[in-house]
Amino acid sequence: MKVILTLLVRDEADIIQQNIDYHLSRGIDFIIATDNLSVDGTNEILQEYERQGVLELIEEKQDDYAQSKWVTRMAQLAAKKYGADWVINSDADEFWWPETGTIQETLASFPESILAIQVERTNFVPIDDESDHPLRRMLVRERNSFNGKGKPLPPKVIHRGMADVQVGQGNHKIVMPDESMLGSSDQIVIFHYPLRTFQQLQNKIVLGGAAYERNMESTKRQGAVWKHLYSLHKESKLEEWYRSQIQSEELLRLGIMEGTLIEDHRLATYLKERGFL
């Protein structure tokens with residue numbers, strides 16, 4: 001079985017190396033990455049993995065965040081060029097964690113009738129201290145996560161390798177002939193780190209929000225969270241919103257005690273033990 005990960009990235013130098021090292025160690029056979037105008041060293045990191053022969057790099061120069069189009073291109077390439085049996089379309093801040101064994105072993109348990117599998121995401125929360133690497137200091141996640149507009153965080157899908165696959169904006173679904181072909185799994189969870197520092201968030205929202213405004217094919221619902229946060233940026237309220245998300249030590253203790261937050265060192269421990277962090 002061959003499992004290929006796709007990555008669409010822009011200015012993710014703080015986390016991209018750990019993302020790639022982690023997934024290659026957990027059963028991912030190859031990575032296809034699209035870099036969209038990074039200027040922080042992300043592209044150079046991706047080039048090094050391409051030289052190692054574990055990654056193909058696509059450089060996308062358009063600045064309209066046509067995510068569905070770009071990810072569909074990678075997903076189809078994974079099937080046609082590399083013979084992928086399964087494809088995971090990911091972001092740099094997402095770490096796909098199999099509860100047991102490898103990702104490959106988990107996917108092998110699904111019958112051939114299943115074309116795609118929904119996987120839930122859980123957000124790790126930002127804390128006051130930003131002096132250490134985010135994957136080392138962010139050790140508490142939400143039991144039930146919400147997006148930037150306060151709505152339940154939607155799952156993402158893993159899908160079988162298909163030469164004609166069409167991936168939706170946000171990587172939340174693919175076009176399927178029959179909904180009965182969609183499965184779900186609690187044996188894989190996505191550890192999500194969307195709020196690592198204010199500078200990282202601001203760069204993402206300013207660039208992404210402006211790009212969405214240039215995308216004439218984007219619907220009102222597509223990128224709704226980015227558009228909402230971009231509107232906060234234009235009103236000079238983005239930092240205030242970010243600060244409202246930060247968890248103090250007292251809030252962390254209270255959340256863990258009440259069960260709304262969960263202390264989870266598994267990813268940090270895994271990365272440190274293997275020298276990835």
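Looking at the stretch 226-241, is at least one residue within 30 Å of Lys80 (Cα to Cα) and assigned to a loop (DSSP other than H, G, I, E, B)?
If we filter the stretch 226-241 for residues that are within 30 Å of Lys80 (Cα to Cα), which is where we start, we get none.
No; the residues of the stretch 226-241 include none that is within 30 Å of Lys80 (Cα to Cα) and assigned to a loop (DSSP other than H, G, I, E, B).
Let me confirm something: among Gly27, Gly101, which residue is surrounded by fewer than 17 Cβ atoms within 10 Å (Cβ to Cβ), at pLDDT below 95 and closer than 23 Å to Pro155 by Cα?
On the way: Gly27 fails: surrounded by fewer than 17 Cβ atoms within 10 Å (Cβ to Cβ).
Gly101 is the lone residue from the list that is surrounded by fewer than 17 Cβ atoms within 10 Å (Cβ to Cβ), at pLDDT below 95 and closer than 23 Å to Pro155 by Cα.
When every residue of the stretch 218-225 is checked against the conditions, at least one turns out to be touching a residue at least 60 places away in the same chain (Cβ under 8 Å), outside any loop (DSSP other than H, G, I, E, B), more than 22 Å from Asn19 (Cβ to Cβ) and under 17 Å from the mean Cα position of the chain (by Cα).
Restricting attention to the stretch 145-165 and to residues that are assigned to a loop (DSSP other than H, G, I, E, B) and aliphatic (A, V, I, L, M), the residue that is surrounded by the most Cβ atoms within 10 Å (Cβ to Cβ) turns out to be Val165.
For first residues located in the stretch 100-127 and over 20 Å from Ala163 (Cα atoms), partners that are in a helix (DSSP H, G or I) and of a type in the set (A, V, I, L, M) and lie 6+ apart or on another chain with Cβ distances below 8 Å form the pairs Val125/Leu252; Ile127/Leu252. Within the stretch 31-57, the set of residues being closer than 21 Å to Ile158 by Cβ, touching a Leu at 6+ places or on another chain (Cβ under 7 Å) and crowded, with 19+ Cβ neighbours inside 10 Å comprises Ile31, Ile32, Ala33, Thr34, Leu55.
The number of residues in the stretch 134-144 being of a type outside the set (Asp, Glu), touching a Phe, Trp or Tyr at 6+ places or on another chain (Cβ under 9 Å) and not in a loop (DSSP other than H, G, I, E, B) comes to 4. Of everything in the stretch 167-183 that is assigned to a loop (DSSP other than H, G, I, E, B) and either more than 18 Å from the chain's Cα centre (by Cα) or free of Cβ contacts under 8 Å to residues at least 24 places away in the same chain (or both), the residue that is surrounded by the most Cβ atoms within 10 Å (Cβ to Cβ) is Met176. Does Ile45 qualify as being in contact with a helix residue (DSSP H, G or I) (Cβ under 7 Å, 6 or more places away or on another chain), among the hydrophobic types (A, V, I, L, M, F, W, C) and over 30 Å from Asp186 (Cα atoms)? Here the answer is yes, as Ile45 does meet what is asked. Leu277 passes every criterion in (1) out of contact with any Lys or Arg (no Cβ under 9 Å at 6 or more places or on another chain); (2) in contact (Cβ under 8 Å) with a residue 24 or more places away in the chain apart from (1).
The values are calculated or read from the model by the stated rules, or taken from the named source; none is laboratory data. Computed from a predicted structure; not experimentally measured. Neighbour counts are summed over all protein chains in view; Cβ atoms, including those assigned to glycine, are modelled from backbone coordinates with ideal geometry.
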